[in-house]
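Note sheet for the following structure.
What follows draws every value from the coordinates through simple rules; no lab data is involved. Keep in mind it's a predicted model, so treat the numbers as computed, not measured. Note: ideal-geometry Cβ built from the backbone for every residue, glycine included; neighbour counts use all protein chains shown.
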Amino acid sequence: MQEILSHTITYKGKLADDQIINSQDIAYSTLGAAKISTSIIHYICTGRVPKGNYAKSYQCVSRPPKPGSYEFVQYIIPVAPAFAENPQGFVLGASFLFQTIWCLLMNTLTKGPNHDIVAIIKAINEGNQARDKAWLEALNIVARERKINTQDGIELLDKHFNDTIPEMAKVNKNNAVNFVQPIGNSCDTVINFFQNGGNVTLGTSEAEMIRSRESDSVGEEIQYECIRITELNLSNGRCILNVLGFDENVPGYIHDPVLRQPSNIYSTALDKHKSLRLTAKPILRDSAVIKLHISNARPL
């Protein structure tokens, strides 16, 4: 197998901790990851955003999960045997771009707070010993396809990504929805580990943003005074909250691991009508909070 790139996708929480996962969830997630990955490698190699039923030069194949985890390794291989002029350099540069573009796409689709592409590129490759060489090879790939001078350096990638990443995010919206299908049902978190050591982690709030309409956004994690939990589903963490400062009850989603423990702080607060101080990320629509994603709680 002529492997070009690989990345490992790991599912954590809920069923995944017992090394099982809903068959439909994993089918959708694997398909979504494969489509995102093949669109990224097409984008890397041609400089163009793939649209419709585009001609694919690469495909994705997967290895089964390892014992003791629910994860799979996805490999990108050519549809037909093919070799770049400098195979080693191409793989190094393409690996750099592959991780960078995955991060940029997920940041765009989850409406992440950081929209500075240069800062994202620097942050995700910080500490990579091969960064300088990978950076040069990445510039060579982009410059060759876009027919631009590599001396423009980081400004070249900044402009290239600013021009095309929003469109890449748009064409991969449904693929990303499929990719996060297991979150909330079969698992709490999906982590995409790249071969150079970096990763993209998506939890419940990020998954909700990917599934949401364009006007929704996720706010910074802050604290809320919960007067009372009025409803709580211990299986999936969904709840209804009476929160200080809100005219109506607020839907919530608890992804704090302590929820699985007997007589935990949330079930006790429900049974005994106790108030809590919650740490949560709000989901916003037109600046109004429509849901809280709760990571932690303590008694008031």
Notebook entry, point to check: If you keep only loop residues by DSSP, which chymotrypsin sites (Phe, Trp or Tyr not before Pro) in the range 212-300 have at most 16 other Cβ atoms within 10 Å of their Cβ?
Noted result: Phe246
Margin query: Placing unit charges on C-beta atoms (Lys and Arg positive, Asp and Glu negative, everything else neutral), compute the dipole magnitude of the range 152-258 about its Cα centre in debye, rounded to 20.
Written below: 460 debye
Checklist line | Formal net charge of residues neighbouring Pro251 (Cβ-Cβ distance under 15 Å; K, R +1; D, E -1) | finding: +1
Check: Once you charge only the Cβ atoms, +1 for Lys and Arg and -1 for Asp and Glu, what is the size of the charge dipole of the range 198-262 about its Cα centre, to the nearest 20 debye?
Finding: 320 debye
Margin query: Please give me, ordered by residue number, the GluC sites (Glu not before Pro) of the range 157-226 that lie in loop per DSSP and have at most 16 other Cβ atoms within 10 Å.
Written below: Glu214, Glu220, Glu221
Next item on the list: Could you list which residues have their amide H under 5 Å from that of Val218, counting only those 5 or more apart in sequence or on another chain, with H placed in the peptide plane?
Entry: Leu284
Next item on the list: Order by neighbour count: Thr30, Thr268, fewest other Cβ atoms within 10 Å first, most last.
Entry: Thr268, Thr30
Check: With no solvent and one point on each alpha carbon, what is the Debye value of log10 I(q)/I(0) for the range 150-267 at q = 0.18, 0.23 Å⁻¹?
Finding: -1.12, -1.43
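May I ask you to sort Phe72, Phe179 by Cβ crowding, counting other Cβ atoms within 10 Å and putting the fewest first?
Ranking Phe72, Phe179 by Cβ neighbours within 10 Å, fewest first, gives Phe72, Phe179.
Need one word for the range 217-300: rounded, prolate or oblate. Basis is the Cα gyration tensor (sqrt eigenvalues a ≥ b ≥ c); a/c below 1.5 gives rounded, then a/b vs b/c decides.
prolate
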Margin query: As I understand it, the dipole of the range 155-300 uses +1 on the Cβ of Lys and Arg and -1 on the Cβ of Asp and Glu, about the Cα centre. Which of Thr201, Asn242, Gln261 lies farthest toward its positive end?
Written below: Gln261
Next item on the list: Please give the net charge around Cys187, taking every other residue with its beta carbon less than 14 angstrom from that of Cys187, where Lys and Arg add +1 and Asp and Glu add -1.
Entry: -3
Margin query: With a cap of 16 neighbouring Cβ atoms within 10 Å, and only residues DSSP puts in a loop, list the trypsin sites (Lys or Arg not before Pro) found in the range 191-300.
Written below: Arg213, Lys274
Note to self: I want the local charge near Gly52. Using Cβ-Cβ distances under 14 Å, sum +1 for each Lys or Arg and -1 for each Asp or Glu among the other residues.
What the structure shows: +4
